[in-house]
């Protein structure tokens, strides 16, 4: 075949190289126009009509806002020199793997794919979302199987082989059937039927979707396999098990789970109910199977309930299950399908003869005020080094300068022709930099509100700007996939760092100014030597875009916020992942360190701000109040104020109050939460007794011994408690003894007074 013509544009299409895939229907080729071409072995009139219908009525792309192709839909027919249709053009799904490579542990290991259980939950959720969109527009997929689903490193799936879908003509109602089906994924009511002449409905797709989701969440195991057959004879083949409804958790099933079977109860109850509805209730009543939308809702709840294991950095488990199943399974079977790094246990690493005090940080965040002068999204906020003023960049194309104490707008800078998405103060506080979607960077004189100069050189939006600690260099990250360094005084371009394969969302200088970090939509973080421009290392581990990065004040830790809903902490020297923080229910768009390095703030698309204890990886508080994405965060110099910029067009100022408490070892000091609070009279008695008497050394020792003995007893019974009453009674004994002594003294005094009066009287 020497000449092919695009049916839409009449352009010549050249097939490149060798076919990249072959099937019973045709071959797949790359073309000189960037699209893939599917050339049929024997195109039929029915197939040509179906293609024309699909091209005329394409479904809406549900993930266009993510710049993602959810289904490889036919774009144009291809014709030969005689004008006959021989195939079609479709988009190529790049940088993606078959879903089988994602959920199968052996294939994951072979391909060195870093996938955790949360990634698989999100993938399942996104597949349900795409199928919901297709069902809403009246399409039936028909042949849903692993080979037809590709997944990228953002957990975004794409469905291929779409020309096999069942299509109904909106003009005359004619149905173009899905002519093929796959064993192991065919619902029981269709087994043995001729697909080329049977009308399917989305109810049949519901069964196939449930099997795919089960395989994603249960290590590639099938609901109709991975168990032990306890019936007569040999184990029936998969289709027979499906036809009879004999899956692992069917009532009175002859297929029973075994030691290696991943149990159903590890997933969230909402997801469990969906599986039971599909394979039990839906076996004889297909309409009872959960819809794709119901699967999406259940998986969303389940994904949000996942928490990171405290021992292995790649283990996620459901809060409802209560423990890490993957750790237990790894111990029992010596097989970990989500291998990761074991977190060191400080109590094992550090030995001490004395029990150290535990310092607990408590943060109370209160909303101080809200700035509302922007008319569009606030994309970026930054404090002046003296923290007296705050700057904000917005989608309304302006930059605003605010007096922090009074909440007063000081001035507005205009000059950008598109959204201002990043702002940064020079360390001297005199110069301000702004990056914009107009592809330029502008430097401003803060005092005079005057534009100093404009840097041009990026070919796409400038998403992030950052000054070096000495204020002499400015770094910029762009959607053109590059990072550029600029001389602040001259405006000259010093160098460009090229290495990311996708948009650069964030750049940050290390405190010593020698290293630059960059976060990208390619899911990687790169560390660069500022002087030489050499790439030092690439950090991988996130499953989606890295939207924000920040160095700790001591420069030893790098923190990243990602579209995979997590915040990760990295050791800068080794590049190793230290810990992952997971609590947000959507993308973590912004991260910021407090000046003392003890508190981390994160802002998210879930409209919340979360405050974290960095040392313990513990969530301290969630700040709510924004009604849009939290795009940017900034701490004041003293760490007592946090500024947040949001998609609700506002900036909020939060007052943070930090209190530190020191807890002594529990064997000596009772835990207040385990003690019934005494009433006011008891408190008064205790105070008076402490003033009146000072227990001697022997008394103090007996109290301590009593407390220790009592705690040992309580721990044996697993009911930790301290008998506060007995401790208070000890003080009352001293008070009673004192009262008796005083009473005796009073009697003696009265006696001598009476004697004296008697002597005088007589």
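The values are calculated or read from the model by the stated rules, or taken from the named source; none is laboratory data. Note that the coordinates shown come from a computational prediction; the quantities given were computed from them, not determined experimentally. Here Cβ is always computed from backbone atoms with ideal geometry, including for glycine, and neighbour counts include all displayed protein chains.
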Give region 257-302 a look and list any residue that's buried (at least 20 other Cβ atoms within 10 Å of the Cβ) and touching a strand residue (DSSP E or B) at 6+ places or on another chain (Cβ under 8 Å), or say none.
-> 266, 267, 268, 302
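Each row is one residue, and each column tells you yes or no for (1) surrounded by 12 or more Cβ atoms within 10 Å (Cβ to Cβ); (2) outside any loop (DSSP other than H, G, I, E, B); (3) touching a helix residue (DSSP H, G or I) at 6+ places or on another chain (Cβ under 7 Å).
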{"position": "17", "(1), (2), (3)": "no, yes, no"}
{"position": "20", "(1), (2), (3)": "yes, yes, no"}
{"position": "24", "(1), (2), (3)": "no, no, no"}
{"position": "47", "(1), (2), (3)": "yes, yes, no"}
Would you please name the residue that is surrounded by the most Cβ atoms within 10 Å (Cβ to Cβ), looking only at residues in region 99-110 that are out of contact with any helix residue (DSSP H, G or I) (no Cβ under 6 Å at 6 or more places or on another chain) and within 20 Å of residue 217 (Cβ to Cβ)?
-> 102
Within 22 Å of residue 305 (Cα to Cα), modelled with pLDDT of 95 or more, under 17 Å from the mean Cα position of the chain (by Cα) and surrounded by 20 or more Cβ atoms within 10 Å (Cβ to Cβ), is that true of residue 592?
-> no
Restricting attention to region 392-425, the residues that are at negative phi and outside any strand (DSSP E or B) number exactly 9
Positions within region 556-586 being surrounded by fewer than 20 Cβ atoms within 10 Å (Cβ to Cβ), in a loop (DSSP other than H, G, I, E, B) and in contact with a strand residue (DSSP E or B) (Cβ under 8 Å, 6 or more places away or on another chain), in sequence order | 556, 575, 576, 583, 585, 586
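From the set of residues in region 26-45 that are assigned to a loop (DSSP other than H, G, I, E, B) and without any contact (Cβ under 8 Å) to a residue 12 or more places away in the chain, which is surrounded by the most Cβ atoms within 10 Å (Cβ to Cβ)?
Applying the first criterion (assigned to a loop (DSSP other than H, G, I, E, B)) to region 26-45 yields 32-35, 41-44.
Still in the list and also without any contact (Cβ under 8 Å) to a residue 12 or more places away in the chain: 42, 44.
Details: 42: 8, 44: 10.
That would be 44.
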Output for region 51-82, where each listed residue is assigned to a loop (DSSP other than H, G, I, E, B) and free of Cβ contacts under 8 Å to residues at least 12 places away in the same chain | 61, 67, 82
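Looking for something part of a loop (DSSP other than H, G, I, E, B) and either modelled with pLDDT of 95 or more or within 24 Å of residue 116 (Cα to Cα) (or both) - is there at least one such residue anywhere in region 273-284? Can you show your working first?
First pass over region 273-284, keeping only residues part of a loop (DSSP other than H, G, I, E, B): none.
No, because not a single residue in region 273-284 is part of a loop (DSSP other than H, G, I, E, B) and either modelled with pLDDT of 95 or more or within 24 Å of residue 116 (Cα to Cα) (or both).
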Within region 306-334, residues in contact (Cβ under 8 Å) with a residue 24 or more places away in the chain, in a loop (DSSP other than H, G, I, E, B) and crowded, with 19+ Cβ neighbours inside 10 Å come out as 313, 314, 315
Is region 150-166 home to any residue that is in contact with a strand residue (DSSP E or B) (Cβ under 6 Å, 6 or more places away or on another chain), under 17 Å from residue 74 (Cα atoms), not in a strand (DSSP E or B) and not assigned by TED's automatic domain parsing to the domain that holds residue 47?
-> yes
